[in-house]
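Taken together, the values in this text are just the output of simple stated rules run on the coordinates, not laboratory data. Because the structure is a prediction, the values reported are computed rather than measured. In this analysis, Cβ positions are derived from the backbone assuming ideal geometry, glycine residues included, and neighbour counts consider all displayed protein chains.
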Amino acid sequence: MKKNLIIFGTRPEAIKMVPLVKAFQSDSSFETKVCVTAQHREMLDQVLNFFDIRPDFDLNLMRQGQNLYNLTADIIIGLKAVLEEYKPDYVFVHGDTTTTMASAIAAFYAGARVCHVEAGLKTYNKRSPFPEEMNRQVAGRICDYHFAPTESAKNNLLLENVLERDILVTGNTVIDAIFDSVERVKGLENKEINTLKNILDSSKKLFWSQGIEEKTMVRAL
């Protein structure tokens, strides 16, 4: 049986990796464990609690005055023990965070095959966004398998001489997370959620628009 280790550390990563965690944990042909770096502690825990995810390994690295130097080093060193204990065949990382980049390096050192979810998004300007662009560039060079959300992301990878056989266009896993969230919210008893349920017209489709200075829920016509 092949062993997977799914690693993430921030709230956005967690939201987008939850569907993958659920899918693998329901597949008996894989043994799958979850490791969190807790690059963002409280915001990460919000997602873990909402989706009922219990990490098998928690590095709990967030600390006051955290910077990219110590965070990168702490992730690599912290993962060494996890990788040596669990010995995964495949390590899954997501996107462009410091957790993504450092975890890819650690997994490569350990000899695991590295799988990049949301691969191929690039600006090709190493300082914009900083440090995300270089995080995904470094992870992309290390990874063995690339799960691209769009055809344009796939084309970016092909231009970088990534073999087409190692790329799979999957769509964005945040959509799967949204569908899961809708079902979970239906069963929640929460004052704010109940207020929204009474206000919103369930026969209408809704989308969430987030601007720089405001967040607005808009009813689609």
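Classify the chain as rounded, prolate or oblate from the Cα gyration tensor: take a ≥ b ≥ c as the square roots of its eigenvalues, call it rounded if a/c is under 1.5, otherwise prolate when a/b beats b/c and oblate if not.
prolate
In what sequence do D96, D201, D144, D27 fall when counting other Cβ within 10 Å, fewest first?
D201, D27, D144, D96
Taking H placed 1.01 Å from N in the peptide plane, check which residues at least 5 places from V91 or on another chain put their amide H under 5 Å from its amide H.
Under 5 Å from the amide H of V91: L5, R113, V114, C115.
With the cut-off at 1.5 for a/c, could you classify the range 21-111 from its C-alpha gyration tensor as rounded, prolate or oblate?
Oblate.
Using amide H atoms built 1.01 Å from N in the peptide plane, name the residues 5+ places from T32, or on other chains, whose amide H lies under 5 Å from its own.
N4
Tell me which residues come under 5 Å, amide H to amide H, from V169 once H is placed; ignore anything under 5 positions away on its chain.
A148
With the crude spin-label approximation of a point 7 Å out along Cα→Cβ, what separation in nm comes out for E160 versus D45?
The two pseudo-label positions are separated by 3.5 nm.
Rounded to the nearest 20 Debye, what is the dipole magnitude of the range 1-82 about its Cα centre when Lys and Arg each give +1 and Asp and Glu each give -1 at the C-beta?
140
Quick check for me: using +1 on Lys/Arg Cβ and -1 on Asp/Glu Cβ, what's the dipole size of the range 2-172 about its Cα centre, in debye to the nearest 20?
Computed charge dipole of the range 2-172: roughly 200 debye.
Rank S181, Y145, T37 by how far each Cα sits towards the positive end of the charge dipole of the chain (+1 on Lys, Arg Cβ; -1 on Asp, Glu Cβ) and give me just the farthest.
Projecting each Cα onto the dipole axis, the largest value belongs to S181.
Lysines within cross-link reach of K2: Cα-Cα under 30 Å, excluding same-chain residues under 8 positions apart?
K16, K22, K33, K80, K87, K154
Given Cα pairs under 8 Å that are at least 6 residues apart, what percent is the relative contact order of the range 105-168?
The value is 37 percent.
Can you tell me the 0 to 90 degree angle between the C-alpha axis of helix 132-142 and the longest principal axis of the chain, rounded to 10?
So the inclination is approximately 50 degrees.
Going by C-beta contacts inside 10 Å, put Y90, Y109, Y124 in order with the fewest on the left.
With the fewest neighbours first, Y90, Y109, Y124 line up as Y124, Y109, Y90.
Within a 10 angstrom radius of the beta carbon, how do T97, T150 rank from fewest other beta carbons to most?
Listed from fewest to most nearby Cβ atoms, that is T150, T97.
Towards the positive end of the charge dipole of the chain, with charges on Cβ (+1 Lys, Arg; -1 Asp, Glu), say which of A106, T170, F92 has the farthest Cα.
Positive-end residue among those listed: T170.
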